[in-house]
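Heads up, the thing below is written out as structure tokens.
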Amino acid sequence: MSTAGAGHNYLEHGKGLMSWLTTLDHKRIGLMYGIFIAFFFLLGGIAALLIRLELFGVGEMFTGAEYNKLMTYHGAIMVFMVIVPGIPAILGNFFLPLHIGAKDVAFPRLNLLSWYVFMAGSIMAVCTLLLGGVDTGWTFYTPYSIGTSGGVVLMVLAVFILGMSSILTGLNFIATVHKLRAPGMTMNRIPLFVWSIYSTAILQVLATPVLGITVLLLAMEKVFGIGFFDPALGGDPILFQHFFWFYSHPAVYIMILPAMGIISELITTYSRKTIFGYTAIAYSSLAIAGVSFFVWGHHMFVSGQSAIAGILFSLITMLVGVPTAIKLFNWLFTMYKGSVQLQSPMLYAIGFMFLFTIGGVTGIMLAVIGLDVHFHDTYFVVAHFHYVMVGGTLMAIAGGMLHWWPKMFGKMFSEYWARISYLFIFIGFNVTFFPQFILGSMGMPRRYHTYLPEYESLNQISTVGSWLIGTGFLVLLGVFIHSLMYGKKASENPWHSKTLEWQTTSPPFHENFEETPVVTAGPYEYR
Amino acid sequence: MSEHHDVYHVTPFKTYMVVFLSLLVLTVLTVWVATVDFGAANAFIAFGIATVKAMLVLLYFMHLKYEVTTNRVIMASGFFFLALLFIFVLIDIVTRVPVESTL
Amino acid sequence: MSTGKIIRKDGHYAHHFESAEQEYTSSKQGVWLFLSTEILMFGGLFVAFFIYKGMYPEIFHKGAESLSWVYGAINTAVLLTSSLTMALGIHYIQKGKNSAALTQLIITVLCGAIFMGIKYIEYSHKFHLGLYPGQMFSGETGGVENLPLYFSFYYMMTGLHGIHVLLGMGLITWVAIRTARGDFGPKYYTPVEGVGLFWHVVDLIWIYLFPLLYLVE
Amino acid sequence: MIFHSLPARANTFMPPQGTEVASQFDTLYAFLLIASLISFIILIGGLFLFVMKYKRKSIDDKTAYITHNTFLEFLWSFIPFVIFMVVAVWGIVIYNNMKATSEDAVEIHVIGKKWQWDFLYKNGKTVTNTTDTSGNIVYSTMIVPEKTPIKLIMTSREQSDSVKPVIHSFFIPAFRIKQDVVPGKYSSLYFTADKKGEFQVFCTEYCGDAHSKMLAKVRVVSKEEYDQWLIKETEALMNLANLSPAELGKLVYQQNQCSGCHTINGSPLVGPSFKGLLGSDRKFADGATQKADENYIRASILNPNGQVVEGFQSGVMPVYKGVLTDEQISQVIEFIKSLN
């Protein structure tokens, strides 16, 4: 369908560094995010491996203070700089306009500004290492974060700036979905990935400002001692937790919703079958986004929050489980009577469903207030959120990157090594984090750098598992680099998928489509 | 795709002046109300008048009255989630049972 | 960068939009989204204000006594006028009378300056009495425990609002310069309207700040 | 068979059940484990089944065009909803049992401070970390009568105001209960220990460098044993009241690791001996000399590395400013005086 020569795609549209640093093309901005988010993921991953090394035995490789800095940077980098911006900034930026048949996002210059704001925030956050390093945990709970030194103010302002970038991206995506859909593409014909990015954008716009004010108040608390969250000056540290989690629970849905969007795309493509229950999945994304603002108190069952508020939050949290169950079963029934091909992206999608189910059911256990009193702040919680974050979002990022790699770079990747990376990651993940459920039920608390001898054997298994995950992600990195250098030329639609991005060349034109496509039917028309 | 009624809406000069004067009157009213002691209701009355003034600014000065519903929903959701945060934090603080030391 | 140089006055639009109208409505929606984030950010402060006012009413009564509501009332009137002149500014541009619009915009910026001037007087008066926020408080607490918490709220809320007034003044000056240069016309005035909406929200926040902080009897 | 063996096996990994609430907890946990296993088998079993059954044979396989099935979708949204609500309400019942207290509960005060737990009893007895002879820490142990409702009244407080108190969290895995200990306010925790034994206590809210060493123990003893212990402690406190300052100083000397470095028989160890210290002339490393009067000893305790006597290493003795109260320091001086 596309006739133009190869010299016209977005990679060759401009030459030299300046053409990248001043690009307004959503695809290039997506790649620029990708490079740095991958680098920060590497940084966070190294911190994770060091943490697991420390926890290999009862002995102390790092002092308490050093371990606390490691655990803080692992948390802060992974949350604020990898997994919250991750899918929306890379795959969302790249494929949202392509999926709805638009030439670019609604505000291209704002999109570039978001990237620069993201880079400023990330560099500031990493520079706090020079000021002695932050040791407050990624949650910055007061009054500990007020008393400690080591660049907390700089880190907190970095989080504010990263929040600005998140708001601007969310704002951009909402306007794009509302205003730039191709003719004929009504709201119930947009792909489910766009629905998930849209719900995520709503969360980004409505939740991040409260984090902004909270983090600003914490900075003022440390600099001028304003006393909002400092019990010595009449403040209430539990109010900080309310404000913090009012953002941070929607933030965990900012992390998982785009991943669910990718899984919908993968399962339909590799089962060659239309999605089962399009409306149910689309509206469950919105439902999760909506309910996520009512549930933050389940992080504070034992923090001094009143019993009645705790019970209320526990009941409402159960509502979030329902749309998640709908999605999982709808994906399952998408495969029914399909033609399933276990391509590596599909392996990651199946890995997602496997691990996210475990993450989901353990989430229900933690939502029950009676159980959370025991499990709170133990390794049960650590295992739960790693199952949904690494098992969920990171598996989806890996699957999504592999699925869209031929479209992004016009080059195929080695299927064999991609499957090897999957095996390492999937097995390594279970070996690392399943024992932590048991450690948690045995009562081992979080953020401990030494522990009682009875926890040693399970921790050793967990550390070995972390090496497997590390290898798996390095193999995946190798697959991508090898593909860039030696990958075979990819066709327009190697996976025979039906969504719009596969109708244009790979890599796509600078302006995405030869002429704006007219949409006459739904996104997954595998008849 | 977008409705073609008055996208580029121009509000007449007179409407602006009427709205402006009523805003000033309401400000004077707020100040006067503060001097009269209605007890606890003072705070709510002050907040009520401020909301009326805010609605005036929103509807007329910011043309929300002539806007598409999407923009109205966007603005309303800002206030809605704010109220949500306030209500749930209030539920927690009001139902806390203080514990006293008996030493 | 790429779209700057085209003269937008006669209804030309950016390449990735279908029509000037679509670009206008998209930009409007973008501004409204940003405004709701501003509401949410300031709202966080207001929620903390109401929570602590409920917990420590005596602190807020004692603290409010040190504020003169006269300054507050004048500032409210000033900001309301600036909102009017901002709206009129857009009104005139829609009618194509750029010079009238320019004067309105300049009045708006002046009102903003007056507002900041009055704030400066209030702040220096308080600093003179030692009424600093939180730990730095060195005034007399008049027997009310944790009184500095009130001033933490006062400085946080009016300070953040003041920063937004300065931001608004900067934006309006930039838009005034472009109006003077003749960039806008009845068919293209999106930046003016966007900045105007931002300014109205800044005024909106002061409308709530004034009674809550100043008029607590 | 499954329904009995699984909870039993699952419970083997759980800490011992120290209270009635703990066994209720384990029942609900076992139920949820089984429910999760079943839903996991349905979902992932179905997944493997479909993957095997509908393996792609050729690229242009004909696949069924099924868009949705309202009944099925209702099924797997309503059934999970019902299970979640049942489990939530069941959890709330257990939560209320955890919060249940009674008027005649034994009240014990718990003070969380940067990196240890102190327990204060009604009769004024304070249990805190001590160091045994070989110098490693013996964690404070809260003695508690069995089968009696206990109410812990907890706060986070630091001894000296130069250290900023932070949030800790008192967690007894064997009783399945936990409660944050917040500075500036009191929080409470209730339990009734069923069986005797010693149970581990953790701090589970991140509180700094030695967060992982902020441990304690709860020892559940029979009622009689508890009463005797309480009487013995009250008497000790009584005669402690009429102990002379020198004897009190001896107790401070033993409980704060002074004995580890300073002997009382005249022969120096890591630090100079206390015997004959008061009134002697001290020659410092930099050649200056000073008579060891009371102010010298007080200064050396508060800031030991200010002036170090010749032949001894500086930087070894910990700073006691903020650890010992002034009263304790004057008791130690009395004790040193009594050695001459």
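Descriptive notes on the structure:
- Computed over chain D, the ratio Rg/Rh where both radii use C-alpha atoms and Rh is Kirkwood: 1.19
- Residue order, fewest to most beta carbons within 10 Å, for D:T63, D:T19, A:T208, D:T133: D:T133, D:T63, D:T19, A:T208
- Beta-bridge orientation, the protein assembly as shown: approximately 70 percent antiparallel, per DSSP, counting only bridges with both partners inside.
- Among the listed pairs A:K27/A:K407; B:K53/C:K187; D:K275/D:K337, those beyond 20 Å (Cα-Cα): B:K53/C:K187
- Potential lengthening between A:T516 and A:W467 on full extension [0.36 nm per residue; Cα-Cα distance subtracted]: 12.9 nm
- Taking label points 7 Å from Cα along the Cα-to-Cβ direction, D:K195 and B:V10 give a separation of 8.7 nm.
- Chain A, helix-only ellipticity at 222 nm - DSSP H runs n ≥ 4, -39,500 (n - 2.57), divided by all residues, nearest 500: -21500 deg cm²/dmol
- Helical contribution to [θ] at 222 nm, DSSP H n ≥ 4, -39,500 (n - 2.57), averaged over chain D, rounded to 500: -13000 deg cm²/dmol
- Centre separation in Å (Cα based) which lies between the range A:43-116 and the range D:169-210: 34 Å
- For the range D:106-227, the share of DSSP beta bridges that are antiparallel, to the nearest 5, is 70%.
- Distance from the range B:14-78 to the range A:205-235 (C-alpha centre basis), Å: 29 Å
- What the Cα convex hull of chain A gives, in volume per residue, is 139 Å³.
- In a DSSP loop and with at most 16 other Cβ atoms within 10 Å, the GluC sites (Glu not before Pro) in the range A:41-112 are A:E60.
- Column: log10 I(q)/I(0), Debye, Cα scatterers of the range D:64-207, q = 0.16 Å⁻¹: -0.93
- Partner chain coverage, peptide A:125-135 - average Cβ within 10 angstrom: 0
- Sequence of D:I137, A:I83 once ranked by neighbouring C-beta atoms within 10 Å, starting from the fewest: D:I137, A:I83
- √(5λ) per eigenvalue of the Cα gyration tensor, the protein assembly as shown, largest first, Å: 55, 41, 28
- Euclidean distance between Cα centres, the range C:81-151 to the range A:417-443, Å: 57 Å
- With respect to chain C, whose longest principal axis is taken over its alpha-carbon atoms, helix C:190-209 is tilted by about 20°.
- Each DSSP beta bridge with both residues in chain D is either parallel or antiparallel, and the antiparallel ones are about 70%.
- Cα-based Kirkwood hydrodynamic radius, the range B:13-94, one decimal, Å: 14.9 Å
- Site pair C:M136 and D:D161 shows an inter-label distance of 2.2 nm when each label is modelled 7 Å from Cα along Cα→Cβ.
- Counting every other Cβ atom within 10 Å of each residue's Cβ, D:D104, D:D180, A:D377 order from fewest to most as D:D104, A:D377, D:D180.
None of the figures in this text is laboratory data; all of them are computed from the coordinates on show. Quick caveat, the model's predicted, so the values are computed rather than measured. Cβ atoms come from the backbone with ideal geometry, glycine included; neighbour counts cover every protein chain shown.
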